[in-house]
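The values are calculated or read from the model by the stated rules, or taken from the named source; none is laboratory data. Since this is a predicted model, take the numbers as computed values, not measurements. Cβ placement follows ideal geometry from the backbone for every residue including glycine, while neighbour counts extend to all protein chains displayed.
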Amino acid sequence: DTGVSQNPRHKITKRGQNVTFRCDPISEHNRLYWYRQTLGQGPEFLTYFQNEAQLEKSRLLSDRFSAERPKGSFSTLEIQRTEQGDSAMYLCASSLGVAGEGTEAFFGQGTRLTVV
Amino acid sequence: AQKITQTQPGMFVQEKEAVTLDCTYDTSDPSYGLFWYKQPSSGEMIFLIYQGSYDQQNATEGRYSLNFQKARKSANLVISASQLGDSAMYFCAMREIQGAQKLVFGQGTRLTINP
């Protein structure tokens, strides 16, 4: 297993266009997270899946954002009608969730979105 | 709500010296986990070290150690014998034990190792 994989690595889009990112987690990991990181800041939580169920969404996730994880495997994050403020690094992470401690989250290399 | 504060925007250290990166946290949860991640220019967040709030001993992983002072709510990262490849952004993060177990990150410290 090569770790968490994200595609594409870079995306440049015009304002108003829709974009979709993909995340392939580590295969046995049941938990999957999306984070957003703007320049000079730490990552901020967007949403969380346990298997195929989306169990938590941040207030940062406006109605233009939608995430799915069909069959509890890969996940997609779609942004509709992109705005310049959506420009950021979008990071995906996965972990093996067990009661109590759980394990550390492993991150992908991220998708850097630039909205022009 | 959980909060992480990293007060050092940038640190410059000579190669082979030890460096301490500061992290303070705030939470009302009785149990929690503390993490340090390294982010090189490639963008990937690389896990370095973990400290549980009930762990009696400070965590160590190779050249990394975590100076955990629970009463002061600090979790400083110590890197011994720094190397040029240690140059990167470093993030301290806290994880809730219940629910989503999501991470809350600080703003990061940019560490530069000079030859």
Taking only segment A:97-110 into account, find how many residues are assigned to a loop (DSSP other than H, G, I, E, B) and modelled with pLDDT of 90 or more. 3
Of all residues in segment B:99-109, how many are facing chain A (nearest Cβ under 7 Å) and part of a strand (DSSP E or B)? 2
Tally of residues being facing chain A (nearest Cβ under 7 Å) and of a type outside the set (A, V, I, L, M) across segment B:88-98: 1
When segment A:81-96 is checked residue by residue, the ones that are in a loop (DSSP other than H, G, I, E, B) and either modelled with pLDDT of 90 or more or crowded, with 19+ Cβ neighbours inside 10 Å (or both) are A:ARG81, A:THR82, A:GLU83, A:SER87
Only one residue in B:GLN14, B:GLN39, B:GLN83, B:GLN57 is within 13 Å of another protein chain (Cβ to nearest Cβ) and either closer than 16 Å to B:VAL104 by Cβ or not hydrophobic (A, V, I, L, M, F, W, C) (or both). Which one? B:GLN39
Consider A:ALA53 carefully, then state whether it is at pLDDT below 95, out of contact with any Cys (no Cβ under 7 Å at 6 or more places or on another chain), among the hydrophobic types (A, V, I, L, M, F, W, C) and farther than 19 Å from B:LEU103 by Cβ. yes
Restricting to segment B:26-62, count the residues that are in a strand (DSSP E or B) and more than 11 Å from the chain's Cα centre (by Cα). 8
Please state which of the following conditions A:ARG64 fails to meet, knowing it meets all the rest: (1) within 30 Å of B:LEU111 (Cα to Cα); (2) at pLDDT 95 or above. (1)
Looking only at segment B:54-99, which residues are touching a residue at least 40 places away in the same chain (Cβ under 8 Å), among the hydroxyl-bearing types (Ser, Thr, Tyr) and closer than 17 Å to B:THR27 by Cα? B:SER74
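Mind listing just one residue for me: the one in segment A:16-52 that is under 22 Å from A:GLU104 (Cβ atoms) and of a type in the set (Gly, Ala, Ser) and, of those, surrounded by the most Cβ atoms within 10 Å (Cβ to Cβ)?
Among those residues, the one meeting the criterion is A:GLY42.
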If we ask which residues in segment B:29-66 are buried (at least 16 other Cβ atoms within 10 Å of the Cβ) and not β-branched (Val, Ile, Thr), their number turns out to be 21
